[in-house]
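What follows is a short report on a single structure.
No value in this document is a laboratory result; all are computed from the given coordinates. If you're wondering where the values come from, they're calculated on a predicted model, not measured in any experiment. Please note: Cβ atoms are built from the backbone with ideal geometry, for glycine as well, and neighbour counts cover all protein chains shown.
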Amino acid sequence: MKTIPETIEMESVKQCPICAHTTFSKIADKGIVEKAGEPYAMTNVICTRCSCVFLNPRPTENGYAEFYKTLYVSDRGESTREGEGIVMNKDTSKKTGSIALALEPHIKKGDRILVIGGGLGMASAHLRDYFEAHVEMIEPSQEQAGHASNKYNLEVHNMDWETFTKTHSEKKYDAIVMHHVLEHFPHPVTMLTEARSYLKTNGVLYIEVPDANDYKKPKAHFFDLLHPISFSPSSMFWTLHYAGLKAIWKNENKKTRLQIIVQKAEDAQDKQNILSAKKLGTPITVCYGLYRTMWEIAYNIKNFKKAA
Ligand SMILES: [Zn+2]
C-alpha cells in the first residue's frame, strides 16, 4: 500500500463537514488516487449523527493545490496527451446523454446553463447543442479550459469556484450542472448555498456523485483522496437540507452513483415529488460496524478477483 507523500500538507477535521457534530467512527483505512490504481493509506470516518463519510485527516487547501499540481493526472485516465493536443481515451456520449436526459423536463430552448467543473467540455457542448441553450462553463485547469474553448467554442470561465463567486455574483441561471464535482469540495454546504444563489426562481441544480452506500461499485470508485466527502443518500439529504435545497428527482436506474435534480426549498414547496430522506435512499450508513465490514468484504473480493 502506498502512503500520501509528506509534501502534502494534511489537517485533522474536528467537526463534521455537514452537521458540525464532533463524534466520528473510523470505517476505512485505504483509498485510491488514480482510477483503479494501487491503494493508498488514508482514513475515512463516519459522523455518528448525520452519517456523513469523510476523509480525516485530509489535505489542507494548500495540500490539495500541491497535490493537483504535482501528482494528479488532471483528467484521471479519460484522456491522454499527444504533443500539444488532448486525445480522448473513452466514449463520453453515454455520460453526456445521461446529464441531458436528467435535465430534459426542466430545460427549454434559450435557457442559461452553468456547468461547474466542466473539464474538457464534452458535456457542456452537448447540453448547448441538444437544448439550443446558452451554456457557460467553469474550469480551473488552464489546459482543459483551453481545450473546451478551442475545440467546442464554449464560453469558459478559467478559474476556481471561489474566484467565480467573487467576480460573477450578479449572474443567474435556469440550470446548474455539477457532474462528479460536489465530492471534491471540503465544505459542501457552503458550496451549495453559494450555488443556490445563482439559480433563477424555479431553476434546477443537477448533481451526480459516487454513492458511498454501494458496495458493488467498481474498485476504481472506492474512497478517493480527492473526495473529502463520500456521499450516501442520507448525508446528501442533510447537505441539501442545510443548504436550503430539496431533491425533486432521483435516477432509480443509476447503480453506484447518486444522480439527482434539486431545487431551492421555497420553489419545491408545493410539489408532490419532493424526495424525503427515506425516498432518497436507505440510510444504511447508520450501522457503522456493519458498514465497515461490508466495505472490507467488498474490497477484499475485488482484490481477490484482480489477483486471480
Ligand atoms: Zn454529521
Report task. At 7 Å along the Cα-to-beta-carbon direction for both His21 and Asn273, put a label point, then send me their distance in nm to one decimal. Result -> 3.1 nm
Report task. Within the set of other residues whose C-beta is less than 9 Å from the C-beta of Asp174, count the net charge using Lys and Arg as +1 and Asp and Glu as -1. Result -> +3
Query - Inter-label distance, nm, simple model (7 Å from Cα along the C-beta direction), Thr48/Glu170 - result: 5.1 nm
Query raised in the report: Can you give me the relative contact order of the stretch 92-282 as a percent, contacts being Cα pairs under 8 Å and 6 or more apart?
Result: 18 percent
Report summary line: Given 247-258, 190-201, the highest-first ranking by average Cβ count within 10 Å works out to 190-201, 247-258
Query raised in the report: What number comes out for the charge environment of Thr60, summing +1 per Lys or Arg and -1 per Asp or Glu over other residues with Cβ under 13 Å away?
Result: -3
Query raised in the report: For labels at His180 and Thr256 in the simple 7 Å Cα→Cβ model, what's the distance in nm?
Result: 1.0 nm
Query raised in the report: Expressed as a whole number of Å, what is the distance separating the alpha-carbon centroids of the stretch 92-161 and the stretch 10-56?
Result: 31 Å
Query raised in the report: So what's the net charge close to His184: Lys and Arg +1, Asp and Glu -1, counting the other residues with Cβ under 11 Å from its Cβ?
Result: -3
